[in-house]
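Report on one structure; see the data block that follows.
Please treat every number below as a calculation from the coordinates, not as lab data. Everything quoted here is computed from the prediction, not taken from an experiment.
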Amino acid sequence: MKSNVGGIDRILRIVVGLVLIGLAVTGHIGAWGWIGIVPVITGALGTCPLYSMLGFSTCPMPRQ
């Protein structure tokens, strides 16, 4: 799969995902916090299926 998630976007996804998972583990937000797995995975892989469907990318354009 082609990468469509840029550097800052990847970092933010991973951080937000880990925070959500941490809050779920500690019981502060309940089971909904486990949805944080999705941004962690998309941030780690560098690709987002939703971005692909919408034709969106946060990756920098390659220099020519």
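For the chain, with a Gaussian network of springs between Cα atoms less than 10 Å apart, report the residue from I29, I21, I11 with the top mean-square fluctuation.
It is I29.
For helix 7-26, what angle does its Cα long axis make with the longest principal axis of the chain, in degrees from 0 to 90 and rounded to 10?
10
Quick one: Karplus J couplings for segment 33-46, per residue in order, coefficients 6.51, -1.76, 1.60, θ = phi - 60°, nearest Hz, x for Gly and Pro?
x, 5, 5, x, 5, 4, x, 5, 5, 5, x, 5, 7, x
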